[in-house]
Amino acid sequence: MHKTLLVPSRRRRVPRQFSWIDQRLVRERHIGRCEPQALALYLFLVTVADAEGLSFYADGSIAGVLGWPEAQVRQARAGLLRAGLVAFEAPLYQVLSLDAPPPATVPAQAPRPSARTEGGLRSLRAILQHSAEGRT
């Protein structure tokens, strides 16, 4: 089966401290945002994933290995999705990098007319100062 990254901007890489389980999971408190079952699923997925964090395990297979009902696998996966630790598009899982995603590009907006003075822009300080003095 051909594997394609679900979230290319968060392709997993071996962290500098040489561990597939990134220490930032604890240091940046990602671990505290998950229930124990979600963390068990995360450990499983990290263990079976390829170098880019991808794996193809069906809910039934994961349930069999972990000794859980399939509903528990789905619940644990939902917790990992909410925490932003994995991406999932059946049957493909991607363990995501813990690096922050790149910021979204926001289109520049033209300044509001009240922020202009004689064709130029006023500083926020000047606007606030004039506002405090009762002028606009």
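Rule-based calculations on the coordinates, nothing more; no lab input. Here the structure is a predicted model, which is why all the values come from computation and not from measurement. Methodologically, a virtual Cβ is constructed for each residue, glycine included, from the backbone with ideal geometry; neighbour enumeration extends over all protein chains shown.
Quick notes on this structure:
- Taking a Cβ cut-off of under 15 Å around residue 6, the surrounding Lys, Arg, Asp and Glu residues balance to a net charge of +2, with basic ones at +1 and acidic ones at -1.
- Per-pair calculated FRET efficiency, R0 = 22 Å: residue 71 and residue 92 via Cβ, rounded to 0.05: 0.60
- Förster radius 30 Å - calculated FRET efficiency between residue 5 and residue 61, Cβ distance, rounded to 0.05: 0.90
- Contact order relative to length of region 8-95, as percent, for alpha carbon pairs under 8 angstrom and 6 or more apart: 33 percent
- Put simply, the amide H of residue 54, placed in the peptide plane, has neighbours under 5 Å in 95, leaving out anything fewer than 5 places away on its chain.
- Burial order of peptide ranges 37-43, 24-30, 71-77 (average beta-carbon count within 10 Å, highest first): 37-43, 71-77, 24-30
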